[in-house]
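Structure, as structure tokens:
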Amino acid sequence: MRRLRKTLLHKKLLIGLLSFAFLTSNSFVTQQVAFGFMWPFSKEGGEKQGSANPNIRYGKLSHKVQELERSGQYKEAVPYAEEMLKERENLIESQKKYANLESLLLPTLNTVARINYKAGNLERAEELYKRVLQGGKAAPSMFKLILAESAEGLSKIYEQLNRKDGAEKVYKDTIKTFEDTFGENNFYNLGLYAKAGDFYLKNSRYEESEKYYVKALQAQKKRFEESAKSGSGFEQATSALSMISQLQKSMSPQKSKDSPDTSYIGARVLNNLAFVYYKLEQSDKIKSLFHNDFHYLQEKLSTAKLSSDFGGTHPMFIPILNNFANLLGATDPKFSHELFMKVADMNNSFRESTFKTFFADDMKINYIRNSQRYAYGFISHTNRYMQSDDNAVKDTLNMWADYKGSVVDFQSKLLYAVKVSKDSKVKRKFREYKVTILELSKMSLANENISADEYLALKAKKMGLEIELSRLLDIQLKNKRIEVKEILQSLPQNSVYIDFAKVNVFDFQLQKSGDEKYFAFIVFRDTSFGVKLIEIGSAKDIDKLIIEYHKALESFLASGDPARSVTVIKKGQSIDTDHHSRKINQIAVDLYSKVMKPLEPYIGNKREIIISPDGELNLIPFEVLVRMDGKYLIENYIINYVTSARDILKHGKKSKFNDNAVIIADPDYNIWTK
């Protein structure tokens, strides 16, 4: 009886481990679990040692195949994989007198089929996948989970050969085998239901896709309920481990409207099902999915270790929630706005912990990309659907101010802490930090095209160094949220605040990003306007003018001695085109017309303009822009710059100067001629 209980426990554990291995899509884990735990040895076989032992030879071949597959050398891996299969077949044949071990061949068949598929040997891969699916029908239930991966592999081959009917039949037959074995909506069917849903979604068969995604959600709920009743830790363990391995995928940006996010399996189903309802024009079902299934899954996973690391918010929910907001953007703008608000709050919580974790640089880069994407979607939605709602515009500016200024306060704290620190390691890291900032600046000012990946990698390195310095100096990263009312209260009298945003505009009808545009949040003190969001225009056109301005200025400076050509402009005096390049003048007029003229009705007779630039607008001094009356902007306004709205909160506070002030005056304009 004791042996029977032990055998049953052994079997249950193996099924759980195989299920986990399938969910994490790691066939080598499946293979090693199967053979490491279950391979029986005869007395004779157990006495074999060294290279003569078939299990040792198999292990070495398996390791070689795994190594080559990871490095993308699929063709080179094929002969080792085939030899590995032959070793296993021979060993199974030699053990026939002890037991029927054909089922133990399935993981190896699946691995060799996958290697051949990746190497382009479709005919051989098809043959091997079919052997898995055929042999798996009579295999013990613990091995049937391998069928799911083989079904997916075979269906990919059929799709590649444009045999979609064959691919559909593979999924239907395998699902039937699973349901006959485990029952309908069983947790072990979850991955297969999801794969079938993906197949139908890819082929725009949305009703069938909905059917299998709903089954997948029911299977997951059933497992949660069973786990709660039994007090089993299986679900928590597989969920946590699967989420960690799949987290990077969950943070990757959605590549197109027809290829939704590929995160942890339960969350992926939610995301894709919402997209299916969007295509079926059933926005009410998207809302129901959010209120019921989204919250249910979020609640069930809120106790996971990875969630607790981020204040109870698992990061994989952020892109899913953002996707919900996008899908409902045109049909239910108010509810969509609420979702964008939740995305901003969750992302803020995640930001405070992101760079304190074990994640690699590419994870940090994905975080930066996604934060940008969420911000752009929020601004696009408010501009398109919520312009008349003052509170919605204020919410959007609050989000944008947090996004732009999240590390500004931290950087100022960092500079002070480094200054007073005596730690040599801090000094060394700070020097590395300054070099990184210099490299970023050079990259931003470069005329030639730069790699977005290189720029983001450098930005991630900068943020990583900030985090490391914060640990060494015990600096708190968390910053107080900014509110528009605080900005209004902090603005000096007779001034206006303009916060520019360069945004990749999201189209909520087409569900895809379009062209880049500049927007401006404009904030007044003691005015009925409060805050407005203004669409400025095409970023491509404005950036082109900025580049032309710099080139024209360089040509002007290189043409001779600028000091002899420059006339000091007095108040009220128009530009003397005899002493200025007409081209520079015209570009300055064009820039004013595109960037500042749309804001004239809101600036009015204010005396001071406080500007927070964005994008290439950081590279142009607004003072030199030329109004339509021929005057420089500086002739009518005092221009001040801030990095973000956080600096506005400090505006007007009295600074405490020490006795070490440095005064610079009376510059020599002819210095380069000496």
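The values are calculated or read from the model by the stated rules, or taken from the named source; none is laboratory data. All values derive from a computational prediction rather than experimental measurement. Counting neighbours? That spans all protein chains shown, and the Cβs are built from the backbone with ideal geometry, glycine included. Note: accessible area is taken over every heavy atom of the protein model, side chains too, but ligands, DNA and RNA are not part of it. Shrake-Rupley method; radii C 1.70, N 1.55, O 1.52, S 1.80 Å.
Points to keep in mind about this one:
- The phi torsions of segment 217-226, fed into the Karplus equation with coefficients 6.51, -1.76 and 1.60 and a -60° offset, translate into couplings of 5, 5, 5, 5, 4, 4, 5, 4, 5, 5 Hz, rounded to whole numbers, with Gly and Pro shown as x.
- Label-to-label distance, nm, for residues given as residue 557 and residue 512 (7 Å Cα→Cβ offset): 4.2 nm
- The accessible surface of segment 101-182, taken with every protein chain in place and a 1.4 Å probe, is 46 percent carbon and sulfur.
- In order along segment 437-442, the phi-based Karplus estimate (6.51 cos²θ - 1.76 cosθ + 1.60, θ = phi - 60°) of 3J(HN,Hα) comes to 4, 4, 5, 4, 5, 4 Hz; Gly and Pro are listed as x.
- Segment 93-224 - accessible surface per residue (Å², probe 1.4 Å): 41 Å²
- Apportionment of accessible area to carbon and sulfur, segment 591-649, percent (1.4 Å): 50 percent
- Chain lengthening between residue 180 and residue 457 when straightened (0.36 nm per residue, less Cα-Cα): 94.7 nm
- Per residue, the accessible area of segment 513-556 comes to 48 Å², computed with a 1.4 Å probe over protein heavy atoms only.
- Intensity falloff of segment 56-136 expressed as log10 I(q)/I(0), Debye formula with alpha-carbon point scatterers, at q = 0.21, 0.27 Å⁻¹: -0.93, -1.29
- Taking amide H as placed 1.01 Å from N in the peptide plane, the amide H of residue 506 sits under 5 Å from that of 380, 514, each at least 5 places away or on another chain.
- Distance (nanometres) between label positions extended 7 Å along Cα→Cβ at residue 443 and residue 489: 3.9 nm
- Taking all C-alpha pairs of segment 495-540, those more than 12 Å from each other amount to 64 percent.
- Lysine pairs in segment 87-160 with Cα atoms under 21 Å, if 8 or more residues apart or on separate chains: 7
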